[in-house]
Amino acid sequence: MTTTAPAAGLARPGDLRSRVDAVVRAGSGAILWLALLLVTYWWVADGGIQDLGAWADGLTSVGRISGLWSAVLLLAQVILMARVPLLEQAFGQDRLARIHRIVGFSSFDLMLVHVVLITWGYAAGRLGSVPGTFWNLTVDYPGMLLAVAGTACLVMVVVTSVKAARRRLRYESWHLMHLYAYLGVGLALPHQLWTGAQFLTRPAATFFWWTAWAVAAGSVLVWRIGLPVVRNLRHGLRVVAVVPEAPGVLSVWVTGRRLELLRAEAGQFFTWRFLGRRGWTRANPYSQPLLAVGGARRPAPADHRRGGR
């Protein structure tokens, strides 16, 4: 048997895939930087730099731009882990998780700067007035009480994601608490759209932010929730046997309809949730799917635990 090289000028499938992936990686990075530059431009156009001349106004101004950057990165980290096929194919899930972690901690740090400086600025730059001002902002401004609750959810997620805390938590407990990040993001939305000057001063900014929130929410609803439900209904997947193969390794045998459509390339794996047991909210990675009556080999539990900050 012999193999033939492709004719000159014809791209091989692997070459085309690599080029598409490279374009997706470059394009996604460019979109993120353009979004950060755009909100920075609007901050400058609304007098953000001029406000730096006075102490209290400068605190508020820096707090505002840090909040804008934090919001952009917050939405970016949601999209990064929304299982968008185009991103997963271009980056790989492990690399996306690492980027998500960096972006997430950066967003959280900027969020803390935003909260502290905005409150300090509204307190006319007087540290002694900060607690009272924070209370007044929370109870008197629309959406602020929800924003405080959302911030508390994000604080819990970040604290439990630090290495020292992760080592003391079961993976199942950490995963459950990590889901509160979605609640935190959702609770922050009313505050930003009701009271954020940078969200309301110009139609283009309002359109940008509503579109960004819609894309992030839609990505989660379509790829993390909708697609798994549709696939399960389409294929009627059922577990028929669990077979131990070696210490820490077992095979799960699955039956269903049209299993030949469940295809994976070399190096890929399936993530499964088993609804008939405790912990059904957690997805587990399985490799080597078979067709007809399908088997999937599961790695040892330590293989899919991630490190911390």
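The values are calculated or read from the model by the stated rules, or taken from the named source; none is laboratory data. No experiment lies behind these values; they were computed from the predicted model shown. Virtual Cβ from ideal backbone geometry, glycine too; neighbours counted across all protein chains shown.
On inspection, residue 210 qualifies as out of contact with any helix residue (DSSP H, G or I) (no Cβ under 7 Å at 6 or more places or on another chain) and either assigned by TED's automatic domain parsing to the domain that holds residue 45 or at pLDDT 90 or above (or both). Checked against the criterion of being farther than 17 Å from residue 283 by Cα, without any contact (Cβ under 8 Å) to a residue 24 or more places away in the chain and within 28 Å of the chain's Cα centre (by Cα), the candidates 241, 214, 246, 205 yield just one match: 214. Beta carbons closer than 8 Å, at least 6 apart along the sequence or on distinct chains, pair a first residue in segment 181-196 that is farther than 19 Å from residue 157 by Cβ and assigned by TED's automatic domain parsing to the domain that holds residue 138 with a second that is modelled with pLDDT under 85 and assigned to a helix (DSSP H, G or I) for 193/199; 193/200.
Looking only at segment 156-167, residues that are part of a helix (DSSP H, G or I) and either of a type in the set (Asp, Glu) or surrounded by 15 or more Cβ atoms within 10 Å (Cβ to Cβ) (or both) come to 5 in all.
Which one of these is part of a helix (DSSP H, G or I), farther than 20 Å from residue 192 by Cα and of a type in the set (Ser, Thr, Tyr): 129, 106? The match here is 129. Remark: residue 205 matches the filter, which requires a residue to be among the small types (Gly, Ala, Ser), over 30 Å from residue 260 (Cβ atoms) and touching a Phe, Trp or Tyr at 6+ places or on another chain (Cβ under 6 Å). Taking first residues from segment 163-175 that are more than 18 Å from residue 273 (Cα to Cα) and partners that are in a helix (DSSP H, G or I), the Cβ contacts under 9 Å between residues at least 6 apart in sequence or on separate chains come to 165/159; 165/174; 166/174; 169/177. Criterion applied to 168, 224, 202, 126 was being closer than 30 Å to residue 253 by Cα, out of contact with any Cys (no Cβ under 6 Å at 6 or more places or on another chain) and of a type outside the set (S, T, N, Q), and the one residue passing it is 224.
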